[in-house]
Structures are given as structure tokens and as C-alpha cells.
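Contents: one structure, followed by commentary.
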Amino acid sequence: MAVNKIIYNGETLVDLTNDTVTADDLAAGVKATGADGRPIVGLLPKVGIDSELSLSSTNPVQNKTITAALSNLDIDIATNDEIDNALNLVGSGDLPTTGGGIVPIAMGGTGATTTAGARANLGVSATTDYAAVAFSGAYDDLTGKPAIPTATGDLTNNSGYITNSALKGYVKSVNGVTPDSSGDVTISVSGGGSSGGSYTLPTASSSTLGGVKIGSGLTINTSGVLSADVTSSTLTAYAKTADLSAVAKSGSYNDLTNKPTIPSAYTLPAASSSVMGGVKVGNNISVTSGTISVTKNNVTSALGYTPATTNDTSLTGTTTVQTLTVSSALNIPGGQIWIE
């Protein structure tokens, strides 16, 4: 996976995204890294540079060589005053001459009667003998101009300058600490002991900031941007919200369709002499685990007193004594009344 940008602790350490170098910009065999973070090998043919002028070479010529050649030309051109003086002498007929009508050089003449002789005496050449650049001084008037490199990759790295590819794997600083003269960076890592140690990136969790791996359903591009790989094919196992019924969202019984018919709540009728129904437990009745009973306590509570439980002649255990009137027709054997 190509990497063209590295950010550590909020600081951009390497950023190749704006680089414009291509294989056509680099000399053949020269290696670099493109804006996408992938390696580039140069395709531009290397060109030799001539160190002296030549009429046959097609290689570029160093500017230094051309400058030296021009500086070696010994051209003595008459000044404007010298030319004006010579013209004045000719116009007045006072121009002194030597034998054969030759005007001496010292008097502004050529010291010759022929053009070739004059050139030889004056050490000059005809303007047609010079190239256009001799008069214009313009670079564009040169012939056989060298191909000037437009990128540093076109040059031979004989000075040992550092390229982007050579810096691959190096950083400017770590946690704000820059490398020393040897390229080493000394940092302190929390938890590494008093003498420091290797840093181990923890696994990210809900409470720990750490590293993660790219798993299924996610993608990462060349710029390091993480995205969810969600398409219609990956969602076939999931229902669309629009396809769900109303009850799926509300959870309400009222939003169901085809609801069953539920009978009305049953009401237990009150029991009567003609209707079987429910009763309530009244006074002087005991209920234990749903069983209704009448106990001795219930009876004495209902009577208001405790009746006798023996056949003694005297009544005991009562708090109320009532007068019993015996009818004359009642036969009482032995003169006693038994109350059970």
C-alpha cells in the first residue's frame, strides 16, 4: 500500500500530495517518489555537456565555455571620436597620406589601400564574419544552444544533494525533538523505565487510545482516508426502515393488524339462593389457605359466652346466668336438666 502522507501526533512529517515530478522529468535510472506515494524511475535520456566549443558536436555547451571564448577575441574598434576625426580630415582635403595615398593608422586611417589590408592592420574582421550574437549579445541568437534542464532531476547529482526518495523513512522530528548531527533522535517514552525503551502501540478500546487494523466492510485510500464499504449488496441481510410496519417502531398493540377478538373481562356474580356465585367471608368464620371453617372461638364469639361442656349440676364458665322455666308437662327424671 503506497503512503504519500504521514501525520504523527498532529504534525505532518511527510507530505508528497503536491509533488509534480514524473518519470519524464527525471534522468534515466534516477529514482523518486510520486504524489501518490509510489516509486518513479526516470525516463529522460542523459545529455553530455561539452567543455569546449565544437563545430560538429550536438551536445549542449557550458555557459562558462562560451563566455571564455568570447573574452579571448581581440577586437579593436575605432571610437566615435576617431571616426569623426578621420571624416573631417577627408572632407577638408588635409588628410595626410604616405606613399601610395595610404592614411596612417595614427591619423585615423587604415594604413592600407585594400580592405583586407585594412582589416589586417586594424586587427578587425568584417561584420559578416561574425555571428549575429556578436552584436546582439542575445542568447536566442546562439546556434547549437544546449538543452537547459527544467528540473533538478535532469542534472547529475555530483554535489550529493538529498532527494525526496533519499529522505524516505526519515522524519524531521519526533514528539518535537529534532535529530542530532548523527541523525539520531532521543525521546522519553512513558512507562519505558528510567532508561527509556521501545514504544508499543496499544490496541484501541473504549477507554484506550491506540492502534486498529482495517477489517471487513472498511476501505482506506492512498491519502489514508478510512471509509465504510457499504453497498446494496452488503445490506441484503438487513431490512429497510421503509419496509417495516408501524408496530416495529412503536411496539404498540394498537398498531397490530388482524388483532384477535378478546372477550370482556369476567365478573363474578354475588351468590344467592338461586344463583351460584361469589361470597365474602363475614364475621365468626375463619379462612386458612382458602379453606373456610367454623372454630370454637368463632362460636363463642358469635354467642357472646362460653357454653358448658360437662354434665355437672352447676353451670361453669359462663358470665351470664339465665333463669330456666320448666314446664309442668316436662318430665325431668331425677330432677336434673342436661344441656349438651
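Measuring against 25 Å, Cα to Cα, the residue pairs Lys64/Lys145; Lys5/Lys172; Lys31/Lys172; Lys5/Lys46; Lys46/Lys172 contain Lys5/Lys46; Lys46/Lys172 as the ones spanning a longer distance.
What is the set of long-range amide H partners of Ile40 at a cut-off below 5 Å, with H atoms built 1.01 Å from backbone N? Residues meeting the criterion, in which the H sits 1.01 Å from N, are Ala32, Thr33, Gly34. Extension gain for Val225 to Ser245 (0.36 nm times residue separation, less C-alpha to C-alpha distance): 3.4 nm. Bridgeable lysines around Lys280 (alpha carbons under 22 Å apart, same-chain partners fewer than 8 residues away excluded): Lys296. Annotation: Ile285 carries an accessible surface of approximately 70 Å², with a 1.4 Å probe and no ligand, DNA or RNA atoms counted. Across the stretch 31-40, computed HN-Hα scalar couplings (Karplus, 6.51 cos²θ - 1.76 cosθ + 1.60, θ = phi - 60°) run 9, 8, 10, x, 5, 8, x, 9, x, 10 Hz from first to last residue, x flagging Gly and Pro.
Measuring only protein heavy atoms, the 1.4 Å probe finds Ser51 accessible over about 90 Å². In order along the stretch 263-275, the Karplus-derived 3J(HN,Hα) couplings, from 6.51 cos²θ - 1.76 cosθ + 1.60 at θ = phi - 60°, round to x, 5, 4, 6, 10, 6, x, 6, 5, 8, 5, 10, 10 Hz, and Gly and Pro are given as x. Distance distribution P(r), the stretch 208-285, all Cα-Cα pairs, bin width 5 angstrom from 0: 3, 8, 8, 9, 8, 7, 7, 7, 7, 6, 5, 4, 4, 4, 5, 4, 3, 1, 0 percent. The dipole here belongs to the stretch 5-50: it is taken about the Cα centre, uses +1 on the Cβ of Lys and Arg and -1 on the Cβ of Asp and Glu, and is about 180 debye. Applying 1/(1 + (r/R0)^6) with R0 = 25 Å to the Cβ-Cβ distance of Tyr266 and Thr288 gives a FRET efficiency near 0.40.
Were the residues from Val281 through Lys5 laid out at 0.36 nm apart, the gain over their Cα-Cα distance would be 90.5 nm.
Counting 0.36 nm for each residue step from Ala120 to Ser182 and taking away their Cα separation leaves a gain of 15.7 nm. Using R0 = 30 Å, the C-beta based FRET efficiency linking Thr58 and Arg38 works out to 0.30.
The values are calculated or read from the model by the stated rules, or taken from the named source; none is laboratory data. Note that the structure is a prediction, hence the values are computed from the model and not measured. Cβ: placed from backbone, ideal geometry, glycine included. Neighbour counts: every protein chain shown. For accessibility, only protein heavy atoms count, side chains too; no ligands or nucleic acids. Shrake-Rupley method; radii C 1.70, N 1.55, O 1.52, S 1.80 Å.
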